[in-house]
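These notes are about the structure you will find just below.
Read the figures in this text as sums done on the coordinates, not as results from a lab. Small disclaimer: the values here were computed from a predicted structure and weren't measured. Don't worry about glycine lacking a Cβ; one is built from the backbone with ideal geometry, like all the others, and counts go over all protein chains shown.
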Amino acid sequence: MQTRSLFPRLALAVLPVAAVGAIAWTPADHRDAVSGTFTATYASREVHEVGDAPGHVIGAALARGTNRSTGSTEYMPGASVVNVETHDLIRGNGPHQGYSTFALGPDTTVSKWNGKVTTVLGADQRPITTFEGTWTKSSGTGRYAGASGHGSYKGRMTSDKEYLIQWTGEMSGVKVAGR
């Protein structure tokens, strides 16, 4: 009976496959779930009436805030956030898009985002404005150079000058958590 010689042969057959699997794994294969929230305050806003329909406006704005990481994987806690955006709204409804830059020391990420703004009148006849959409990581520096990611966001206006964003998604290509 040759059961003794079977184990070494099996080990020799499996070992190269395991080694190839270990070599093939890269940080890009690993995905970290990330999420956070920030309140942004408008630093500048410009709105122009289009004139083709009542309440049709085109606008551009810049807002600033501070990220708070809320997920199990820490991501950019305390990072400054700069949000540059444009919108094309009719009576407070329509598409918006822009770029968000998160910066924490030498580490930055820039995400392109786009979505939809919705405005309804509340019981008190005041507008309630919400928005939602998706984001895609477009670039990064420092520890986030080469990072990729995508996700979604939801938000609402909290005053005439501020809004709250809650975002979630995943990152790959870097070790997200820890220093």
Query raised in the report: Can you work out ³J(HN,Hα) from phi for every residue in region 140-156, in order, using Karplus 6.51 cos²θ - 1.76 cosθ + 1.60 and θ = phi - 60°, giving whole Hz and x for Gly and Pro?
Result: x, 10, x, 5, 9, 4, x, 6, 9, x, 7, x, 9, 9, 9, x, 7
Report summary line: Between residue 34 and residues 5 or more places away or on another chain, the pairs with built amide H atoms under 5 Å apart involve 169, 170, 171
Query - For region 31-172, the fraction of alpha-carbon pairs in successive 10 Å shells from zero, as % - result: 12, 42, 30, 13, 3
Query raised in the report: FRET efficiency for residue 160 and residue 48, Cβ-Cβ distance as r, R0 = 22 Å, nearest 0.05?
Result: 0.75
Requested in this report: Would you mind calculating the gained length between residue 30 and residue 60 on full extension (0.36 nm times residue separation, minus the Cα-Cα distance), in nm to one decimal?
Outcome: 7.2 nm
Query - Full-extension gain in nm, residue 116 to residue 168, via 0.36 nm per residue minus C-alpha separation - result: 17.0 nm
Report summary line: Phi-derived 3J(HN,Hα) across region 93-102 with the Karplus relation (6.51, -1.76, 1.60, θ = phi - 60°), rounded Hz, x for Gly and Pro, is 10, x, x, 9, 7, x, 9, 10, 10, 9
Query raised in the report: residue 74 to residue 126: FRET efficiency via 1/(1 + (r/R0)^6), r the Cβ-Cβ distance, R0 45 Å, to the nearest 0.05?
Result: 0.75
